[in-house]
Each structure stands twice: as structure tokens, then as C-alpha cells.
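One structure below.
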Amino acid sequence: MRLLVAGGAGYIGSVVTAALLADGHEVTVLDDLSTGHADAVPSGASLAAVSLHDSAPVLADVRPEAVLHFAARSLVGASQQQPEDYWHTNVGGSLALLEAMRAAGCRRIVFSSTAATYGEPDQVPIREDAPTRPTNTYGATKLAVDHMLTSYAVAYGFAAVSLRYFNVAGAAYGLGERHATETHLIPIALQVAAGQRESLTVYGDDYPTPDGTCIRDYVHVEDLADAHLLALPAPSEGEHRIYNLGNGRGFSVQEVVDAVREVTGHELPVVVGDRRPGDPAQLVASSDRIREDLGWAPKHTDLAGIVRDAWELKDRSAPHHS
Ligand code: UFG
């Protein structure tokens, strides 16, 4: 297919672009490079370096058969401090993209949604019919776009899929996480192991979990890419599907620390700090729906393997980022 990947210069978008190219698709990446990197765009894809708000001429030119939409601001903390940036980029930008699609006669889309749309769960594993009560602006903006897609499916016959990612990690196709502002557990722990940070702060060890640290569902970015390939042709016109993407198995922060120690051979100094506001004790996906509907089955469910893939790719000479 002829595809447009919005946000294809970012971590997940670039990996999925590589997977799409390997599957024989023709890809144009649209990315304003505000957080992505031009050199992450896989060779074989062309790059239009514009924002979602200016996407109409690109869509008119490329005439894609489908769009995969990864372009967004994605830091929970920043979304609380500068909500206007999140509403403008994530919601305003997505609206501009959907309108550009409509004008170009393209109605098929796969959208990167998030576990943050659910907020604090009543029960885990979290199914797609769980209540959506986001506890931060980031999650609220992603949920707003999910609603937008439902209404475009009903009104304009869009064929849409929202994939609600849990904790994406690992590396594939020579591409990994490279954020100027790193907030995620595994990359930070690997920075400590690489000598780029002194210690890892564990945000709270008094949660109601077996070892007191938070439990998350880490899903390998390559398995995530497989899910996009399966999701792309799945919905029919007028249909908006929502799928959770996780391994269905939770690992605690302490278990991640142990895995990083094992994989890197580094002692990994740890300091126990306060809880981070808004962190639920446990977020684990039920991915039964995508397994049953599309036959998706994650191949990299072993935590040490996910950590190892990220570690092997990591540029150990990269400057320290805070
Ligand atoms: N953590 C630490 N120390 C750190 C960083 C993280 O202890 O330096 C802990 C967090 O408290 C949390 C776990 O490690 O318990 C994972 O934290 P991440 O920041 O890596 O990921 P989150 O679970 O907070 O975030 C993920 C996605 C977000 C999404 C969110 C939904 O990355 O995009 O789930 O709640 F919004």
C-alpha cells in the first residue's frame, strides 16, 4: 500500500516504518522533527518535514491509501504543566490530519492511543471496555482523538483502529529510544548502567504490590510493529476498533532493575524516592481482543530479552540528557 506515517521520525513511528517497508509498502513520513530525528527515518521512506497542522498539501500530493498516526507530545508530566501544547498538537494536529485525509479521499487510519486513556483501573488486566478516566492531560488528549475517530467512522466512513499501548520498550531494525527528555524507566536504568547517570530513583516502594514497587506491562516495540501490520487492513468502512497492546504480564520496577543488572552486568545503584504523582500501582493489559480478532501474539515476552535489545542498541557515548 501507499502509506503516510505521521510521526515516523520518532521511536515507535520509525520502527513501524521500517516494518512497513520490509513488508513491501511505500512510505512517506510526515514529521516536524520537534522530538523526532531525521536520521531515524529508515532509508526507503521519504520525509516531509512539516507539522500535522500543515499536512494537507502533503496528503494531497501523496494520496495515501492509509495513514498511521504516531505524531504527538507524550510526556505525562509536561502535559500537566503546558496543557495547551498537548491540546494543540495532539488534538488540534490530529483534527487537521483527519481533515487533510478527508480532502485527499483517504479514510483508513491506525492511531497510537495509550493506556493513559484508562487512568487508575478498577481491575487488572485492563480490558477495552474498562472505564476511560484519564488522570492527566496527555491521556485526555489521546482519548479525545479516540472519540474523534469514532465520529469520523460514523459520519464519513473512516476505517480506524486505535492501538492503546502499554509500556513500549526494546529496539528493532537498529532503532531505539532517543528522547531529549527521558522519563521512562528502562532507558533511564540503561543510562545509569552506561555511566551516563549516577543512580536510578525508584518512585516509591510502598505500593500495594508484592515487592512494593509499581507493576507495568512492557511490550516489545517489534511486537507492537507486528500489531500495526495486522491492524492496518482490519477495519471495514465505518468501523472504529480499539485494541490494547501489552504482554498481559506485569513486571515490577524492582524486577526491571534486576533485569537491567543481569543484562548489563552493572550494579545499578538505586535510590528509593517518593511516589511520582499520578502513577497507578498496576497497569497490565488484557490483549485478548487483538489476539482473538487479529491473531496477534507477542514474541518477545521475556523482560530480560526486551532490556537486552535496548541495551545492545544503546549509544553508550551519547551525552547525558536530563
Ligand atoms: N519509574 C521509576 N523511576 C524512574 C522512571 C520510572 O521508578 O526514573 C517507575 C514509574 O514510577 C513507573 C514505572 O517505572 O512505575 C514505569 O514508568 P515509565 O515512566 O517508564 O512509564 P509509565 O508507566 O509512567 O508510562 C507509560 C507510558 C506513557 C503512558 C503511561 C500510562 O510510557 O506514555 O504508561 O499511565 F501515559
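The values are calculated or read from the model by the stated rules, or taken from the named source; none is laboratory data. Model, not experiment: these values are computed from the prediction. Note that each Cβ is placed from the backbone with ideal geometry, even for glycine, and that neighbours are counted across all protein chains shown. These accessible areas exclude ligands, DNA and RNA; they are computed on the full protein's heavy atoms, side chains included. Shrake-Rupley method; radii C 1.70, N 1.55, O 1.52, S 1.80 Å.
Any idea which residue in segment 115-152 is modelled with the lowest pLDDT, counting only those that are of a type in the set (Val, Ile, Thr) and within 14 Å of SER79 (Cα to Cα)? Break it down into steps so the answer makes sense when it comes.
Of the residues in segment 115-152, the ones of a type in the set (Val, Ile, Thr) are 117, 124, 126, 132, 135, 137, 141, 145, 150.
Narrowing further to those that are within 14 Å of SER79 (Cα to Cα): 117, 135, 137, 141.
On the way: THR117: 98, THR135: 94, THR137: 97, THR141: 98.
This residue is THR135.
So, in segment 138-156, exactly how many residues are open to solvent by less than 20 Å² (accessible area, probe 1.4 Å) and either among the hydroxyl-bearing types (Ser, Thr, Tyr) or part of a loop (DSSP other than H, G, I, E, B) (or both)?
Total meeting the criteria: 1.
Yes or no: segment 253-266 includes at least one residue that is touching an Asp or Glu at 6+ places or on another chain (Cβ under 7 Å) and either more than 16 Å from the ligand (Cβ to nearest atom) or open to solvent by less than 20 Å² (accessible area, probe 1.4 Å) (or both).
So far as segment 253-266 goes, no, none of its residues is touching an Asp or Glu at 6+ places or on another chain (Cβ under 7 Å) and either more than 16 Å from the ligand (Cβ to nearest atom) or open to solvent by less than 20 Å² (accessible area, probe 1.4 Å) (or both).
Restricting to segment 210-252, count the residues that are open to solvent by 10 Å² or more (accessible area, probe 1.4 Å), away from the ligand (no atom under 16 Å from the Cβ) and within 24 Å of ILE186 (Cα to Cα).
Selection size over segment 210-252: 2.
Considering only residues of segment 65-88 that are part of a loop (DSSP other than H, G, I, E, B) and of a type in the set (D, E, K, R), which is surrounded by the most Cβ atoms within 10 Å (Cβ to Cβ)? Spell out how you get there, then give the answer.
The first filter runs over segment 65-88 and keeps only residues part of a loop (DSSP other than H, G, I, E, B), leaving 65, 70-75, 82.
Imposing the further condition that a residue be of a type in the set (D, E, K, R) reduces the set to 65, 73.
Working: GLU65: 16, ARG73: 19.
Within segment 65-88, the match that is surrounded by the most Cβ atoms within 10 Å (Cβ to Cβ) is ARG73.
List the pairs whose first member sits in segment 169-192 and is open to solvent by 20 Å² or more (accessible area, probe 1.4 Å), whose second member is outside any helix (DSSP H, G or I) and more than 15 Å from the ligand (Cβ to nearest atom), and whose Cβ atoms are under 6 Å apart, counting only residues at least 6 apart or on separate chains?
Note: no pairs meet the criteria.
So which residues in segment 267-288 are modelled with pLDDT of 95 or more, within 8 Å of the ligand (Cβ to nearest atom) and open to solvent by 30 Å² or more (accessible area, probe 1.4 Å), if there are any at all?
ARG275
Can you tell me which residues in segment 98-123 are within 20 Å of the chain's Cα centre (by Cα) and not in a helix (DSSP H, G or I)? Don't jump to the end; show me each part of the working.
Pass one, segment 98-123, residues within 20 Å of the chain's Cα centre (by Cα): 98, 108-121.
Within segment 98-123, ARG108, ILE109, VAL110, PHE111, SER112, SER113, THR114, TYR118, GLY119, GLU120, PRO121 meet the criteria.
Looking only at segment 15-64, filter to residues that are acidic (Asp, Glu) and over 21 Å from the mean Cα position of the chain (by Cα); which one of those is nearest to GLU99 (Cα to Cα)? Don't jump to the end; show me each part of the working.
Residues of segment 15-64 that are acidic (Asp, Glu), as a first pass: 23, 26, 31-32, 39, 54, 61.
Subsequent filtering for residues that are over 21 Å from the mean Cα position of the chain (by Cα) retains 26, 54, 61.
Numbers: GLU26: 22, ASP54: 11, ASP61: 15 Å.
Ranking the candidates gives ASP54 first.
When the residues of segment 92-131 are narrowed to those that are within 12 Å of the ligand (Cβ to nearest atom) and of a type in the set (S, T, N, Q), which ends up surrounded by the fewest Cβ atoms within 10 Å (Cβ to Cβ)?
Taking the candidates together, the pick is THR114.
Restricted to segment 1-30, and to residues that are among the charged types (D, E, K, R) and touching a strand residue (DSSP E or B) at 6+ places or on another chain (Cβ under 6 Å), which residue is most open to solvent (accessible area, probe 1.4 Å)?
GLU26
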